[in-house]
Amino acid sequence: MKNILIIGAMEEEILPLVSDGNYTKHETKPYTYYEGISYGKKLIITVSQIGKVAMSSCVQHFITFVANSDLFDEKKIDLVINMGVAGAISGKLHQGDIVAADKLCQHDMDVTGLGYEIGLNPDLPSVYIDVRPLVIDAVKKAYDALSCDYELQIGTIASGDQFISSKEKRDFISTHFDPLACEMEGAALAQVCAANDVDFLVIRAISDMADGEAPLSYNDFKEKAIVNLTELTKGTLKNIK
């Protein structure tokens, strides 16, 4: 049976998922997590807290925990899914739409002073970390099976430890990385998973347009975005082989 780790940066991003199933809540330090069997997979669902450092720590903790715990017959995590909200960079997106990343980058990684291109971590071969096509295929199949009032788009997601709420910063990210959306954790998850040879998926619902109206529209649309995201995540889990 596959072990799938699902992480939200905030509790409200995962609660609709765990409230719809039979999960056991484990109060452990430093992470509380929910564990149960659904769609023929063992799911571990948790909250990382916000930001790249928090996400990196959470992913590595559970990869190591499963590898060494007697609670799991299979001593590895097969797939890590990050579900949450994001700001739109592309003008083709609307609030409530969903982006599944086929590659991720860090828009706030800057070692240009040493001659590296913007966004490149000198320890990595590329600015971008790719998602396996088979994982993206599972998302596409899930979307095709649903009757949706939102669009699914596949493309780049850019991550950084910033809530983007100005046109100037949005234009900077668009010019240098050309992503569909931006958020605060996904690329960190991708880097840790790639280092551990674990498949990953970052799937984000658009809550705001990453502009001067972002703080207000984020609060207005976050709940709807999470509903859409939960529906598509469930369908994706059914399609993971």
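The values are calculated or read from the model by the stated rules, or taken from the named source; none is laboratory data. Computed from a predicted model, the values in this text were never measured in an experiment. No Cβ is skipped: glycine too gets one built from the backbone with ideal geometry, and neighbour counts run over all protein chains shown. Quick note on the areas: whole protein, heavy atoms, side chains included, nothing else; ligands and nucleic acids left out. Shrake-Rupley method; radii C 1.70, N 1.55, O 1.52, S 1.80 Å.
Couple of notes before you dig in:
- Residues in the stretch 3-13 include at least one that is in contact (Cβ under 8 Å) with a residue 60 or more places away in the chain, open to solvent by less than 50 Å² (accessible area, probe 1.4 Å), in contact with a Lys or Arg (Cβ under 7 Å, 6 or more places away or on another chain) and outside any helix (DSSP H, G or I).
- Residue that is farthest from residue 191 (Cα to Cα), among those in the stretch 77-128 that are open to solvent by less than 10 Å² (accessible area, probe 1.4 Å) and among the small types (Gly, Ala, Ser): 96
- Any hit, the stretch 18-32, residues being assigned to a loop (DSSP other than H, G, I, E, B) and surrounded by 15 or more Cβ atoms within 10 Å (Cβ to Cβ): yes
- Of note, residue 116 does not satisfy the criterion of being under 22 Å from residue 182 (Cβ atoms), assigned to a loop (DSSP other than H, G, I, E, B) and in contact (Cβ under 8 Å) with a residue 24 or more places away in the chain.
- The single condition among (1) touching a strand residue (DSSP E or B) at 6+ places or on another chain (Cβ under 8 Å); (2) not in a loop (DSSP other than H, G, I, E, B) that residue 71 does not meet is (2).
- Set side by side, the residues 116, 150 differ, and just one is more than 21 Å from residue 199 (Cβ to Cβ), at pLDDT below 95 and of a type in the set (Ser, Thr, Tyr), which is 150.
- Single match in 64, 24, 28 (criterion: polar (S, T, N, Q) and modelled with pLDDT of 95 or more): 64
- Selected residue (criterion: most open to solvent (accessible area, probe 1.4 Å)) from residues of the stretch 129-182 that are hydroxyl-bearing (Ser, Thr, Tyr) and in a loop (DSSP other than H, G, I, E, B): 147
- Looking only at the stretch 33-67, and only at residues there that are closer than 17 Å to residue 197 by Cβ and polar (S, T, N, Q), the one that is least open to solvent (accessible area, probe 1.4 Å): 56
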